[in-house]
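Asks: This is the structure I have questions about; it appears just below.
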Amino acid sequence: MTGVIYAGYSSERQTEQSIEGQLRECGEYAEANNIKIVGTYVDRAKSGKNDNRAEFQRMLRDSQKKCFDYVIVWKIDRFGRNREDIAKNKAVLRHL
């Protein structure tokens, strides 16, 4: 099984340490579940209220190429904050 990690933060009050922690914990989860990490996507100081985030969009495009099986996020609010966008994007990823 292969996976990617998506990490991000939405405000200037958060720092690179936030990203490092997310990547570390997601990596530990992947290792514990025998998921080989084949990529990471990180958006810095971008709102999760919509999916108009450069790395998030790149991840969605890469999913169309069947580059990975799973997306790992530290918490669902890193994936998005708008329930409709979350549901739509999860459905797209499941389909692919």
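Asks: List every residue pair whose Cβ atoms sit under 6 Å apart, with the two residues 6 or more apart in sequence or on different chains, where the first one lies in the stretch 24-43 and is in a strand (DSSP E or B) and the second, anywhere, is among the small types (Gly, Ala, Ser).
Replies: 37/3; 37/30; 42/7; 43/8
Asks: Separate question: Check 54, 32, 45, 87 and return the single one that is more than 21 Å from residue 2 (Cβ to Cβ), out of contact with any Gly (no Cβ under 8 Å at 6 or more places or on another chain), at pLDDT 90 or above and exposed (fewer than 14 other Cβ atoms within 10 Å of the Cβ).
Replies: Being more than 21 Å from residue 2 (Cβ to Cβ), out of contact with any Gly (no Cβ under 8 Å at 6 or more places or on another chain), at pLDDT 90 or above and exposed (fewer than 14 other Cβ atoms within 10 Å of the Cβ) holds for just one of 54, 32, 45, 87, which is 54.
Asks: Continuing with the same structure: Surrounded by 12 or more Cβ atoms within 10 Å (Cβ to Cβ), among the charged types (D, E, K, R), touching a helix residue (DSSP H, G or I) at 6+ places or on another chain (Cβ under 7 Å) and at pLDDT below 95, is that true of residue 78?
Replies: Against the criterion (surrounded by 12 or more Cβ atoms within 10 Å (Cβ to Cβ), among the charged types (D, E, K, R), touching a helix residue (DSSP H, G or I) at 6+ places or on another chain (Cβ under 7 Å) and at pLDDT below 95), residue 78 qualifies.
Asks: Pairs only if they're at least six apart or on different chains, beta carbon under 8 angstrom, first in the stretch 62-84 and assigned to a strand (DSSP E or B), second surrounded by fewer than 14 Cβ atoms within 10 Å (Cβ to Cβ) and modelled with pLDDT of 90 or more; list them, first residue then second.
Replies: 70/1
Asks: Provide a single number: the residues in the stretch 17-36 that are of a type in the set (Val, Ile, Thr) and within 13 Å of residue 71 (Cβ to Cβ). Can you show your working first?
Replies: Within the stretch 17-36, the first condition is being of a type in the set (Val, Ile, Thr), and the residues that meet it are 19, 35.
Still in the list and also within 13 Å of residue 71 (Cβ to Cβ): 35.
Summing the residues that are of a type in the set (Val, Ile, Thr) and within 13 Å of residue 71 (Cβ to Cβ) in the stretch 17-36 gives 1.
The values are calculated or read from the model by the stated rules, or taken from the named source; none is laboratory data. Only a predicted model underlies this, so the values are computations on that prediction, with no experimental measurement involved. Every residue, glycine as well, gets a Cβ built from its backbone with ideal geometry; the counts of neighbours run over all protein chains shown.
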